[in-house]
Amino acid sequence: MREALQESQSMIADMLAARMHVDQGVEGYRVAAEGYRSAAEQFHEGAEGYQQAVSRAHTTIEMLQTVIEQYGDTITQQITPGHAGGLTT
């Protein structure tokens with residue numbers, strides 16, 4: 001009877017230790033999942049920021065192209081003979 005009781009206590013101790021390891025593993029997975037979620041949110045924020053920067057760059061390029069076209073028109077007018085703003089020779 002004593003041996004059976006000792007074996008039972010040993011088995012219960014082993015089961016409790018195993019349960020503790022399972023709980024630690026579950027906690028590890030939970031922490032890892034939280035880390036992945038946080039990383040995904042940061043990636044999403046970064047992608048949105050990059051998209052906004054690219055959009056602003058396109059807008060700036062369009063503005064610069066308009067300025068270049070306007071300067072081109074102005075220069076053309078300045079060098080066109082007979083134009084009011086044209087060069088006289």
Determine which member of the set T80, T89 is modelled with pLDDT under 95, surrounded by fewer than 10 Cβ atoms within 10 Å (Cβ to Cβ) and more than 33 Å from the chain's Cα centre (by Cα). T89
Filter pass, E34 being surrounded by fewer than 10 Cβ atoms within 10 Å (Cβ to Cβ) and charged (D, E, K, R): no
Residues (among the basic types (K, R) and either under 33 Å from the mean Cα position of the chain (by Cα) or at pLDDT below 95 (or both)) located in segment 19-34: R30
Please determine whether any residue of segment 56-74 is surrounded by 10 or more Cβ atoms within 10 Å (Cβ to Cβ) and over 42 Å from the mean Cα position of the chain (by Cα). yes
Mind checking whether some residue in segment 2-13 is in a helix (DSSP H, G or I), surrounded by 10 or more Cβ atoms within 10 Å (Cβ to Cβ) and among the basic types (K, R)? no
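The values are calculated or read from the model by the stated rules, or taken from the named source; none is laboratory data. Here the structure is a predicted model, which means the values were calculated and not measured. Note that we place each Cβ from the backbone using ideal geometry, even for glycine, and neighbour counts take in every protein chain shown.
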